[in-house]
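First up is the structure itself, then whatever we jot down about it.
Please treat every number below as a calculation from the coordinates, not as lab data. Everything numeric here is computed off the predicted structure, so don't read it as measured data. Here the Cβ positions follow ideal geometry from the backbone for every residue, glycine too, while neighbour counts run over all protein chains shown.
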Amino acid sequence: MSLLRVSGLAKSFGGVRAVDDVGFELAAGQLLALIGPNGAGKSTLFNIVNGQLAPDRGSVLLDGQELVGRTPRAIWRLGVGRTFQIAETFASLTVVENVQMALLSHDRRPYSPWRRAADWRRGDALALLEQVGLRAQADLRCGVLAYGDVKSVELAIAIAHEPRLLLMDEPTAGMAPPERHALMALTRRLVAERGMAVLFTEHSMDAVFGYADRVIVLARGRLIADGSPQQIRDDRQVQQVYLGTGSDAVSHSNV
């Protein structure tokens, strides 16, 4: 049974159809990659699912509940988490305090300058850091961490809300290959352990083909392929418009 069901989604900007009648499904426990050339409509589609953009038409159902028309915060409250291309953490706070701030938000406890984040659910925050392999760095300031570790902190912050669906916007951007593989392997493990669904955009094909269960491909706003990583590798149209054999292709260094 599908957790996320997108159907008939369309969005235009002036005369440009950024998203053109797109539909797909995503099940719990599944890692789905969204790829395509620059300008394909990936960001627009991602932001519609997240509630940052309203579609011209179409539907986005999360476990049968319509997300279109809801604010990003309301969608977050329904169990949709998100990470960003540039990691968003509080550099001056410790690693564990960053996660505790997320738990404060999840528990609907308003932030107060008179109450230390360090006083709230520290044990639960440490358990989340254990899951992402950062328990030993708990009391370091986020600002001194390596970038790959900051991305793992952001992942811990995202799962603090116990999302059913996690949206990851280019999670490995700016990372070296070993860091990329470590983060995607961690994401793969969390998907299995928590039974959540992940939709991610990505330009690194090793991350896509190495870790996604399925891949969907956009080109000029339209969905041109949906299948397993191997099916996408072998798809002639995908090869022509994206993977390097056609006039619309981009090089592997840019995908």
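Efficiency by 1/(1 + (r/R0)^6): what FRET value for GLN231 and PHE90, r their Cβ-Cβ distance, R0 = 41 Å, to the nearest 0.05?
Working: r = 42 Å, r/R0 = 1.02.
For R0 = 41 Å, the calculated efficiency reads 0.50.
So what are the ³J(HN,Hα) numbers for region 48-54, from phi and the Karplus equation (6.51, -1.76, 1.60; θ = phi - 60°), rounded to whole Hz, Gly and Pro as x?
Those phi angles translate into 5, 4, 7, x, 6, 10, 9 Hz.
How high is the relative contact order of the chain, given as a whole-number percent (alpha carbon pairs under 8 Å, six or more residues apart)?
Working: 498 pairs, mean separation 65.4, N = 255.
It rounds to 26 percent for the chain.
From the phi angles alone, apply the Karplus equation (6.51, -1.76, 1.60; θ = phi - 60°) to region 177-183 and give each ³J(HN,Hα) in whole Hz, x where the residue is Gly or Pro.
x, x, 5, 4, 5, 5, 5
Please report, in whole Å, how far the alpha carbons of region 131-206 spread along each principal axis, starting with the longest.
Here the Cα extents, ordered largest to smallest, are 30, 27, 16 Å.
Among ALA27, ALA74, ALA136, whose mean-square fluctuation peaks in a Gaussian network model of the chain (Cα, cutoff 10 Å)?
ALA136
Counting only residues 5 or more places away or on other chains, whose amide H sits under 5 Å from the amide H of ALA219 once H atoms are built in the peptide plane?
ILE224
On C-alpha positions alone, give me the angle between the axis of helix 122-131 and the longest principal axis of the chain, in degrees, nearest 10.
Computed tilt is about 40 degrees.
Mind listing the phi-derived Karplus ³J(HN,Hα) values for region 91-104, rounded to whole Hz, using 6.51, -1.76 and 1.60 with θ = phi - 60°, and x for any glycine or proline?
Ordered by residue, 3J(HN,Hα) equals 5, 7, 8, 6, 4, 5, 5, 4, 5, 5, 4, 5, 5, 4 Hz.
Quick one: grab Rg to one decimal and Dmax as a whole number for the chain, Cα atoms only, in Å.
So, for the chain, Rg and Dmax equal 18.5, 60 Å respectively.
For region 37-103, what does the convex hull of the Cα positions come to per residue, in cubic angstrom?
Spread over its residues, the Cα hull of region 37-103 gives 120 Å³ apiece.
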